[in-house]
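J.: A single structure is presented below for examination.
The values are calculated or read from the model by the stated rules, or taken from the named source; none is laboratory data. Just so it is clear, the structure is predicted and the values come from calculations on it, not from any experiment. Neighbour counts run over all protein chains shown; Cβ positions are idealised from the backbone, glycine included.
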Amino acid sequence: MKTFDIIIIGAGRASNLAKTAGKAGKKVAIIEKSSFGGTCPNRGCVPSKLLIGYAHVARSIKEASRHFIDAQINSINVEKIFEETNKHIYSVDPAYRSKFNENVTTFEGEASFLSNYVVTVNGEELTAPKIVIATGTRPKTPEHEQAWTSDDIFPLEGAVPKSITVVGSGFIACELVNFFDAVGIESKLLVRSQRILGNEDKDIAAIFKEEFTKNIDIEFDTSIQEVEHKDNMFHMTLINKDGSTKEHQSEALLYATGRDPNTDILKLENTDIKVNQRGFISRDDSFETSVKGVYVVGDASGEHMLQHAAAAEVNHLAKVLLKDNKETHKFKYMPHAVFTHPEVASVGLTEQKAQELGIEYVASSRSWLASAKAQSLRVKYPRTKFLIDPNTYEILGCHLIGPESSTMMHQVLSIMHLDNDIRHLKEMIYIHPALSEAFLPAAVKAVADVRASKK
């Protein structure tokens, strides 16, 4: 049996912990069953955003007429787009491996527990007083064995399909179908209900649905009743909630219907580590599981399934393990974005969540069109929505829809991080007429709405 100071299962964001611990002189084992770097740079947020960059340019050309510019796309080399994206993906694994010094031993294989502090990989037994589980999640298994998930297109090897059907209504489904449609691949999105981006604030989701359906062919209230793959095509019978059916076919079929934790392969039944009903590992505010010295970070906990959350957790855990930091870690806020067309960004409570929790709030919404830069975009839908605590002026939630919403949101995050009070956004100086100046009238209106609620 090999003994280490720290064993890390999963070489995604936790690779940075291995790097830091190795530099601190700790003997570290890091185990990865797939590519080093994990989901985000290999199969998730990074390559998908590289694709979305191409989609953004294509959409801009297609929509040039609203700026009185006659433009057309003569051709799109989709094969070259995927070739360039694949180059990035192939570079990730060696880049992550190169981070480690001689104190870090890498293992390629599937890890599982023999007991609380003993892990096996490739027939070898490893032990350490500190173990970190960072095994992430995987796409839910498609309903047809030849259908894809997002894992199958990163990297996409072989012919690029001329048509694709995407199943799902969340951010992965929306981002991918937007890309395929924008670059000229015949695309259809199947949504089981009338809701799309259902986790977003209801008002923002409604605007998104109205704008998104202008470009994307969506079948709402629709699922696949039957599917057969023959002659290099998926032949589907689609069924609507009203009972009506229709035939549909496409070269590719991609499911983006959620993700499952990878904890089921860890043989946690051999340990005292507890999981919740969904299979995610339970932990305390120090990221420690029910077994002392065994920690879980990132998606494997099921709490904040976002790369920036995992990075922050790993950074804090490094202080716990290497500097004996006793402080617990609580996120003040957790922002996210949906990189589609239109783009959405959100932080804090949605209005429906605030209602569910019985939290007192004032909702305030404002168009971006007071900003000349926003006007220059020649679109009318961009909007800011605030949820404000009427007693403290604290920003309980902020929801944006419009170009560069993910970038715009950081101005709100700064306020929430330093001193959460909407009045700071009202009183600060803005560069005129920058796009972010759209926050000024939104903040002025929010403060006025709070004051009006008290009369």
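J.: From Ile429, Ile415, grab the single residue that is more than 19 Å from the chain's Cα centre (by Cα) and touching a residue at least 12 places away in the same chain (Cβ under 8 Å). So that I can check it myself, show each step before the final result.
T.: On the way: Ile429 fails: touching a residue at least 12 places away in the same chain (Cβ under 8 Å).
Exactly one of Ile429, Ile415 is more than 19 Å from the chain's Cα centre (by Cα) and touching a residue at least 12 places away in the same chain (Cβ under 8 Å), namely Ile415.
Conditions tested, residue by residue: (1) out of contact with any Phe, Trp or Tyr (no Cβ under 8 Å at 6 or more places or on another chain); (2) under 26 Å from Glu394 (Cβ atoms).
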site	(1), (2)
Val297	no, no
Val314	yes, no
Val320	no, no
Glu327	yes, yes
Tyr333	yes, yes
Gln352	yes, yes
Gln355	yes, yes
Tyr361	yes, yes
Ser365	no, yes
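J.: Checking His144 against (1) out of contact with any His (no Cβ under 8 Å at 6 or more places or on another chain); (2) farther than 29 Å from Pro403 by Cβ, only one condition comes out false. Which one?
T.: (1)
J.: Now for a separate question. Kindly indicate which of Arg278, Arg259, Arg283 is in contact with a Ser or Thr (Cβ under 6 Å, 6 or more places away or on another chain) and more than 19 Å from Leu17 (Cα to Cα). Step through it out loud before you land on a result.
T.: Details: Arg278 fails: in contact with a Ser or Thr (Cβ under 6 Å, 6 or more places away or on another chain); Arg283 fails: more than 19 Å from Leu17 (Cα to Cα).
That would be Arg259, the only listed residue that is in contact with a Ser or Thr (Cβ under 6 Å, 6 or more places away or on another chain) and more than 19 Å from Leu17 (Cα to Cα).
J.: Any idea which residue in region 306-316 is surrounded by the most Cβ atoms within 10 Å (Cβ to Cβ), counting only those that are over 15 Å from Gly10 (Cα atoms), touching a residue at least 24 places away in the same chain (Cβ under 8 Å) and among the hydrophobic types (A, V, I, L, M, F, W, C)?
T.: Top of the filtered list is Ala309.
J.: Out of all the residues in region 252-284, which are closer than 30 Å to Ile185 by Cβ and not acidic (Asp, Glu)? Break it down into steps so the answer makes sense when it comes.
T.: Here is the first cut: in region 252-284, the residues closer than 30 Å to Ile185 by Cβ are 252-260.
Scanning region 252-284 gives Ala252, Leu253, Leu254, Tyr255, Ala256, Thr257, Gly258, Arg259.
J.: Go through region 36-83 and give me each residue that's touching a helix residue (DSSP H, G or I) at 6+ places or on another chain (Cβ under 6 Å) and more than 25 Å from Val338 (Cβ to Cβ).
T.: Phe36, Ala71
J.: Just to check your reading of the model, which residue among Phe113, Phe36, Phe82 is assigned by TED's automatic domain parsing to the domain that holds Val132, at pLDDT 95 or above, closer than 29 Å to Val160 by Cα and in contact with a strand residue (DSSP E or B) (Cβ under 9 Å, 6 or more places away or on another chain)?
T.: On the way: Phe113 fails: closer than 29 Å to Val160 by Cα; Phe82 fails: in contact with a strand residue (DSSP E or B) (Cβ under 9 Å, 6 or more places away or on another chain).
Of Phe113, Phe36, Phe82, the one residue that is assigned by TED's automatic domain parsing to the domain that holds Val132, at pLDDT 95 or above, closer than 29 Å to Val160 by Cα and in contact with a strand residue (DSSP E or B) (Cβ under 9 Å, 6 or more places away or on another chain) is Phe36.
J.: Which numbered condition trips up Ile31, out of (1) assigned to a strand (DSSP E or B); (2) free of Cβ contacts under 8 Å to residues at least 40 places away in the same chain?
T.: With (1) assigned to a strand (DSSP E or B); (2) free of Cβ contacts under 8 Å to residues at least 40 places away in the same chain applied to Ile31, the lone miss is (2).
J.: If you scan region 146-195, which residues turn out to be modelled with pLDDT of 95 or more, part of a loop (DSSP other than H, G, I, E, B) and charged (D, E, K, R)?
T.: Within region 146-195, Lys162, Arg192, Arg195 qualify.
J.: I would also like to ask the following. Across region 290-302, what is the number of residues that are in a loop (DSSP other than H, G, I, E, B) and under 14 Å from Thr135 (Cα atoms)? It would help to see each step written out before you state the result.
T.: So the first thing to find is which residues in region 290-302 are in a loop (DSSP other than H, G, I, E, B), and the list is 290-293, 297, 302.
Subsequent filtering for residues that are under 14 Å from Thr135 (Cα atoms) retains 297, 302.
Qualifying residue count, region 290-302: 2.
J.: Kindly indicate which of Ile239, Ile265 is among the aliphatic types (A, V, I, L, M) and either without any contact (Cβ under 8 Å) to a residue 12 or more places away in the chain or in the same structural domain as Val291 (by TED's automatic domain parsing) (or both). Reasoning before the result, please.
T.: Numbers: Ile239 fails: either without any contact (Cβ under 8 Å) to a residue 12 or more places away in the chain or in the same structural domain as Val291 (by TED's automatic domain parsing) (or both).
Just a single option satisfies the conditions, and that option is Ile265.
J.: Right, next: Within region 256-267, take every residue that is outside any loop (DSSP other than H, G, I, E, B) and under 16 Å from the mean Cα position of the chain (by Cα) and give me the one that is farthest from Ser163 (Cα to Cα). Please lay out each step first, then the result.
T.: Of the residues in region 256-267, the ones outside any loop (DSSP other than H, G, I, E, B) are 259-265.
Narrowing further to those that are under 16 Å from the mean Cα position of the chain (by Cα): 259-261.
Values: Arg259: 24, Asp260: 27, Pro261: 30 Å.
So, considering only residues that are outside any loop (DSSP other than H, G, I, E, B) and under 16 Å from the mean Cα position of the chain (by Cα), the one farthest from Ser163 (Cα to Cα) is Pro261.
J.: Select from region 268-289 the residues that are surrounded by 20 or more Cβ atoms within 10 Å (Cβ to Cβ), assigned to a loop (DSSP other than H, G, I, E, B) and without any contact (Cβ under 8 Å) to a residue 24 or more places away in the chain and list them in ascending order.
T.: Arg283
J.: Could you pull out the residue among Leu114, Leu126 that is in a strand (DSSP E or B) and crowded, with 21+ Cβ neighbours inside 10 Å?
T.: Numbers: Leu114 fails: crowded, with 21+ Cβ neighbours inside 10 Å.
Within the list Leu114, Leu126, the selection yields Leu126.
J.: Another question, then. Of all residues in region 71-110, which are farther than 22 Å from Leu50 by Cα, surrounded by 13 or more Cβ atoms within 10 Å (Cβ to Cβ) and among the hydrophobic types (A, V, I, L, M, F, W, C)?
T.: Applying the first criterion (farther than 22 Å from Leu50 by Cα) to region 71-110 yields 71-72, 97-110.
Filter again for surrounded by 13 or more Cβ atoms within 10 Å (Cβ to Cβ), leaving 97, 99-100, 103-110.
Residues satisfying the conditions are Phe100, Val104, Phe107.
J.: Let me ask something else about it. For region 54-69, does any single residue satisfy the condition of being within 30 Å of Leu126 (Cα to Cα), modelled with pLDDT of 95 or more and among the acidic types (Asp, Glu)? Give the steps one after another, and end with the answer.
T.: Narrowing region 54-69 to residues within 30 Å of Leu126 (Cα to Cα): none.
No.
J.: Which one of Phe220, Phe171, Phe180 is free of Cβ contacts under 8 Å to residues at least 24 places away in the same chain and closer than 19 Å to His341 by Cβ?
T.: On the way: Phe220 fails: free of Cβ contacts under 8 Å to residues at least 24 places away in the same chain; Phe171 fails: free of Cβ contacts under 8 Å to residues at least 24 places away in the same chain.
Unique residue meeting the criteria: Phe180.
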